[in-house]
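Novice: Pasting a structure below so you can have a look.
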Amino acid sequence: MKLLGNIIWLIFGGIETAIEYFLAGLALMVTIIGIPFGLQAIKLGVLSLWPFGSVIVNKENGHGCLNLFMNVLWFFLGGVWIWLTHIFFGVLLYITIIGIPFGKQHFKMAKIALSPFGKEIIDQK
């Protein structure tokens, strides 16, 4: 069922979303200061390619001062808009009964879009 959900996800916007995250990540990596933010954008792009069956977990050392500082910067430099976008599409998909599984994936992506530093994506088998 995860495979079917991921294929439908890719067809109806997953590929475009991933490309946007990858391009944004590459654009952020042009400067040295933007490299950590670009890596987080690429992390979101990977999740947007195959969200069904992926789980977001905290890293063992993910609760440090640096991660907190970087998450605050991420939030104010655009993370809040990414979060709001995923919340909007999640609510929109929840309105339709058939879109609930896809809305759940947007809420999962919103969770990591709000504070990506100190988290990793694991493929649950």
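The values are calculated or read from the model by the stated rules, or taken from the named source; none is laboratory data. Worth saying up front: this structure is predicted, and the values here are computed from it rather than measured. Cβ sites come from the backbone with ideal geometry, for glycine too, and all protein chains shown count toward neighbours. Protein only, heavy atoms only, side chains kept; ligands, DNA and RNA dropped before computing areas. Shrake-Rupley method; radii C 1.70, N 1.55, O 1.52, S 1.80 Å.
Novice: At a 1.4 Å probe, what is the % contribution of carbon and sulfur to the accessible area of the chain?
Specialist: Numbers: 5940 of 7730 Å².
Accessible surface attributable to carbon and sulfur in the chain totals 77 percent.
Novice: Give me the 1.4 Å probe accessible area per residue for region 46-125, excluding ligands and nucleic acids, in Å². Present the calculation step by step, with values, prior to reporting the outcome.
Specialist: Values: 4960 Å² over 80 residues.
On a per-residue basis, 62 Å².
Novice: Now, a different point. Treating only the Cβ of Lys, Arg, Asp and Glu as charged (+1, +1, -1, -1), what charge dipole size does the chain show about its Cα centre? Round to the nearest 20 debye.
Specialist: Details: 8 positive and 5 negative charges, 53 e Å.
The dipole magnitude comes to about 260 debye.
Novice: If you count, for each residue, the other Cβ atoms within 10 Å and average over each peptide, how do 109-115, 64-70, 82-88 line up from highest to lowest? Mind dumping the intermediate values first?
Specialist: Values: 109-115: 20.3, 64-70: 13.0, 82-88: 17.3.
Going from most to least packed, we get 109-115, 82-88, 64-70.
Novice: For the pair GLN124/GLU20, report the inter-label distance in nm, with labels modelled 7 Å from Cα in the Cβ direction.
Specialist: In this crude spin-label approximation the distance works out to 2.6 nm.
Novice: Please give me the summed charge of the neighbours of GLU60: other residues whose Cβ is under 14 Å from its Cβ, Lys and Arg +1, Asp and Glu -1.
Specialist: On the way: positive: LYS59, LYS119; negative: GLU120.
Net charge in that neighbourhood comes out at +1.
Novice: What length, rounded to one decimal in nm, is gained on full extension from ILE95 through to VAL55, with 0.36 nm per residue of separation minus their alpha-carbon distance? Could you put the intermediate results ahead of the total?
Specialist: Details: separation 40, 0.36 × 40 = 14.40 nm, distance 2.39 nm.
Length difference between fully extended and current span is 12.0 nm.
Novice: Cβ under 15 Å from PHE75's Cβ, PHE75 left aside: what net charge do those residues give with Lys, Arg +1 and Asp, Glu -1?
Specialist: That sum, taken over residues with Cβ under 15 Å, equals +2.
Novice: Report the calculated FRET efficiency for PHE69 and LYS104 (r = Cβ-Cβ distance, R0 = 35 Å), to the nearest 0.05.
Specialist: Numbers: r = 30 Å, r/R0 = 0.87.
Given R0 = 35 Å and the Cβ-Cβ separation, E is 0.70.
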